[in-house]
Amino acid sequence: MLRVLALCVTACVAFAGVGGATALSRFTGNIDDVDADTLLGDDRPEASTPDPEDPNAGTPLNIVLMGSDDRSGANGGLVADDTEGMRSDTTMILHISADRSRVELVSIPRDSTVDLPSCPTTAGTTTNPVSGTKFNSAFAAGADLGGDVASGALCTMRTIESLTDVRMDGFVVIDFAGFQAMIDALDGVELCIPEAVHSPKANNLTLPAGVQRLDGGTALSYARARTGEGLGDGSDLGRIGRQQELMAALVRTVLGKNLLTDAGALVQFLDAVTRSLTMSDNLSSVTGLAGLAYSAKGIDLGSITFMTVPNGTDPTNPNNVVWTSDADQLWDNLKNDRPAGATEQEAGEQPADTLPDAGSTEGAPEAGTEPEGSQDAADAAPTPAETKDAGEEAFSAQDVTSVCG
């Protein structure tokens, strides 16, 4: 999502001569930002630095992406309940490699049993630490005490850092209204719905099986749906898989459109995205976004990977999960800028830039060539694409995760 926004800002810079500069000022003015580094203080994991042996290398980034279920303002009429307060409906860590060759989005289950540290708020107050509670309570604790979305994001950042010892370099929060407007600005996203869905609790969501184009309101309901027909066991993990598939569809839709050459569509999309964002101020500047977009311009669908923190059932609460020992390797990979899914053996044997990414075709025969020792390629039966289990397995934005017809 950050790359999409950054690309759009860069495009605005490109047509500054025809009013883009004015548009940029308006769009960045839409964003609520906060100085997260100052508020979180110095007692944090160290920031990454470029490799002194490789002057061309950049700096890896870990950015917390959050969907807020705040019901205030325009968000109140978009959901069919009267729940008060603010929570993080979904949380992902967006890791961008130092060489800008890959992007990984790691979903953190909201029902993870964790310990919350004390957190600063924008109001100058500090939350109390809490043991053995759900991960999404971090956002609620900060937002309740600080009275704003930014305080919720700060406490989520602090909690992730305390649990992983990986520094988070910033955050982006989008609310219900912003998510819906973003999808509508793209004229919807196309998604495979493997079986018919009916969820009374998600604004009475009803979808037939098959490939469907979801508008903003439908996509929002689908992203939030947890219980009902066609939605599996009703767990948070099942919903994470659907959210990851929806995010992958969003990426494919944006990269498949000519947003960067269609000024009208670009302005509509960027205005929709920025109007409901809260960000750390190091990410909200025009120069920061444009620089990030330029450095990441070579990333393609196969280089964008989705995965979930390795987890298992909490033995003290079957409705929650706990992170397994495999999560330790994940955090070590992010901290050292290795592919998130690298195993301990792979991480120890190879440098980060030679490890294969999820969805990689490394080791496969080149296009138009025949594997050694095989029969004539023309007679060989095509190998069906492997279907990845979203939410359970790592997959790239070009992988198949659901089959429709």
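The values are calculated or read from the model by the stated rules, or taken from the named source; none is laboratory data. As the structure is a computational prediction, the values presented were derived from the model and not from experiment. Don't worry about glycine lacking a Cβ; one is built from the backbone with ideal geometry, like all the others, and counts go over all protein chains shown.
Points worth noting:
- Qualifying residue in segment 175-185 (condition: acidic (Asp, Glu) and touching a strand residue (DSSP E or B) at 6+ places or on another chain (Cβ under 7 Å)): yes
- Within segment 103-130, the residues that satisfy the criterion of being touching a residue at least 40 places away in the same chain (Cβ under 8 Å) and either under 17 Å from Thr308 (Cα atoms) or out of contact with any Ser or Thr (no Cβ under 9 Å at 6 or more places or on another chain) (or both) are Val103, Glu104, Leu105, Val106, Ser107, Ile108, Pro109, Arg110, Asp111, Ser112, Thr113, Val114.
- Unmet requirement for Ala342, which otherwise passes all of (1) in a loop (DSSP other than H, G, I, E, B); (2) among the hydrophobic types (A, V, I, L, M, F, W, C); (3) under 18 Å from the mean Cα position of the chain (by Cα): (3)
- Test: residue in segment 214-233 that is in a strand (DSSP E or B), among the hydrophobic types (A, V, I, L, M, F, W, C) and closer than 15 Å to Val197 by Cβ: yes
- Sub-9 Å Cβ pairs linking a first residue in segment 259-283 that is under 13 Å from Gln180 (Cα atoms) and at pLDDT 75 or above to a second residue that is in a helix (DSSP H, G or I) and of a type outside the set (Gly, Ala, Ser), at least 6 apart or interchain, are Leu277/Leu5; Leu277/Asn30, ordered by first then second residue.
- Here Ala153 meets the list (1) under 22 Å from Asn62 (Cα atoms); (2) assigned to a loop (DSSP other than H, G, I, E, B) almost entirely, failing just condition (2).
- Number of residues in segment 185-212 that are surrounded by fewer than 17 Cβ atoms within 10 Å (Cβ to Cβ), out of contact with any Pro (no Cβ under 6 Å at 6 or more places or on another chain) and not β-branched (Val, Ile, Thr): the value is 12.
- Residue in segment 246-257 that is closer than 21 Å to Ile183 by Cα, part of a helix (DSSP H, G or I) and at pLDDT below 65 present: no
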